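In what follows, a single structure is set out as structure tokens and then discussed.
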Amino acid sequence: RMRRFKWEVEDCHYIILYIQLTGISSQEGKFRNGDESLVSFAAVNIIGELSAEHFKQADIINFHDLTAGLLLIQPVANPSMEAVQAFSEELTGTINRMLKMRVTVAFSAPVGRISGIPLAFEAAKQAASYRQFGGENQIINMELLDREGQSTPEPQYSFTLERGMIQALRTGEVEEAYRLLEEFLEALCANGAKVIDVQQGMLHLLGSIQHAIMVSGIHPNQLFKGANLYAALSQIHEPKLILAWFQEKVVAPYLTELSERSDAGIKRTIEHAMMYINEHYMDNISLDGCADYTGISPFLLSKSFKRVTGKNFIDYLTELRLDKAKELLRDTSLRINDVAEQVGYQHSYFNRIFKKQEGITPSRYRELSHNNEAL
């Protein structure tokens with residue numbers, strides 16, 4: 001089949017290059033997030049032109065996600081890994097200059113059989129994940145890698161930051177959750193960490209957060225609308241993009257859902273508090289007593305009562321008592337003392353608060369009400 005496409009495959013070696021671009025999140029770049037397909041297209045054109053200058057047989061595949069694969073076919077009698085190294089160096093310099101992007105190139109050792117090409121490609125792709133986060137251009141010769149071995153520093157997974165972040169999520173502390181997420185990612189990226197270590201660490205964090213979401217009574221599949229978050233996260237290769245993705249796709253939806261559920265719960269609590277006040281306004285009730293009844297702290301009750309009703313607890317109680325008092329003054333002949341007692345006030349205080357709120361005494365209010373009825 002390759003011969004039908006005019007490829008010379010007799011007595012040849014095959015070399016696979018996996019090329020990955022990073023830096024699209026950098027403010028110094030020419031492109032913005034969302035331009036991945038455009039950048040990939042431009043990079044593939046550059047790769048194609050340079051490979052045609054360096055090699056007799058070369059074919060490129062555009063993966064449209066800032067990565068590309070390049071297949072080189074070289075004669076067995078004249079393999080040139082030096083030429084591959086020189087091409088990789090020229091390619092990184094050209095893309096740096098023209099696209100303002102950083103480049104990682106991982107290339108395989110020569111493969112003698114066509115059937116070995118897929119395995120060589122997967123190995124090159126995997127080798128690219130061993131580049132350092134935050135590094136500049138990186139050229140990875142897998143032949144040297146296999147010969148010399150790969151020393152990797154121990155990844156810095158902070159269980160303390162993980163616990164702190166999950167606690168912040170549970171309590172709805174948005175700014176604290178984002179701050180701890182950023183610190184967690186910085187810790188993973190420290191000391192020359194490899195891409196694969198950072199990605200594995202963030203995948204582990206994603207699993208821990210999904211567990212916390214399930215424990216809180218929210219089903220992750222419903223919250224994230226069935227999206228495969230693990231697959232999406234695995235495709236991101238830059239710290240800034242990982243952070244932005246985590247904030248937008250994981251943290252924000254959970255906090256929004258938590259807030260909505262919390263708001264609904266608070267509204268029900270305040271409705272119970274208002275029912276309690278309507279039933280016991282004539283008694284010696286207080287914010288603390290109402291808080292005991294609803295099962296939340298006086299501070300939270302006071303804050304939530306104001307947010308839901310637009311009034312302070314004491315203002316709401318006072319307004320309700322005075323409305324009931326005015327009703328009794330208009331519709332009954334009860335003495336002022338008795339009216340005060342029936343709405344939960346002592347006589348002397350009732351007169352003061354009534355005049356302060358209505359501008360007239362209870363007696364004058366009754367008198368004016370009766371006069372209006374007579375007219």
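The values are calculated or read from the model by the stated rules, or taken from the named source; none is laboratory data. All values derive from a computational prediction rather than experimental measurement. Counting neighbours? That spans all protein chains shown, and the Cβs are built from the backbone with ideal geometry, glycine included. With ligands, DNA and RNA removed, areas are computed over all heavy atoms of the protein, side chains included. Shrake-Rupley method; radii C 1.70, N 1.55, O 1.52, S 1.80 Å.
Summary of computed values
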{"read-out": "Net charge over other residues, Cβ less than 11 angstrom from the Cβ of Ile73 (K, R count +1; D, E count -1)", "value": "-3"}
{"read-out": "FRET efficiency, Ser262 to Tyr230 (Cβ-Cβ, R0 45 Å, nearest 0.05)", "value": "0.95"}
{"read-out": "Residue-averaged [θ]222 nm for the chain, counting only DSSP H segments that reach four residues, each worth -39500 (n - 2.57)", "value": "-19000 deg cm²/dmol"}
{"read-out": "For the chain, average projected area of the Cα convex hull in nm²", "value": "29.6"}
{"read-out": "Against the rule of thumb 2.2 N^0.38 Å, how large the Cα Rg of the stretch 29-145 comes out", "value": "1.05"}
{"read-out": "Part-to-part distance (alpha-carbon centres) for the stretch 155-194 and the stretch 322-362, which is given in Å", "value": "59"}
{"read-out": "The chain: DSSP helices with Cα axial extent of at least 15 Å and average Kyte-Doolittle hydropathy no lower than -1.0", "value": "36-54, 81-99, 117-128, 159-170, 174-189, 195-215, 252-280, 298-309, 313-331"}
{"read-out": "Share of carbon and sulfur in the accessible heavy-atom surface of the stretch 254-375 [1.4 Å probe, %]", "value": "48"}
{"read-out": "Translational diffusion coefficient (Stokes-Einstein; Kirkwood radius from C-alpha pairs) of the stretch 287-336 at 4 °C, 1.567 mPa s, in µm²/s", "value": "105"}
{"read-out": "Under-26-angstrom lysine pairs by C-alpha in the stretch 194-317, whenever the two are 8 or more apart or on separate chains", "value": "9"}
{"read-out": "Whole-percent carbon and sulfur share, accessible surface of the stretch 1-125, 1.4 Å", "value": "52"}
{"read-out": "Column: log10 I(q)/I(0), Debye, Cα scatterers of the stretch 207-249, q = 0.14, 0.26 Å⁻¹", "value": "-0.35, -0.99"}
{"read-out": "Burial order of peptide ranges 186-198, 88-100 (average beta-carbon count within 10 Å, highest first)", "value": "186-198, 88-100"}
{"read-out": "The stretch 195-298: translational diffusion in µm²/s, Stokes-Einstein, Kirkwood Rh over Cα pairs, 37 °C, 0.692 mPa s", "value": "196"}
{"read-out": "Per residue solvent-accessible surface (Å²) - the chain, probe of 1.4 Å", "value": "56"}
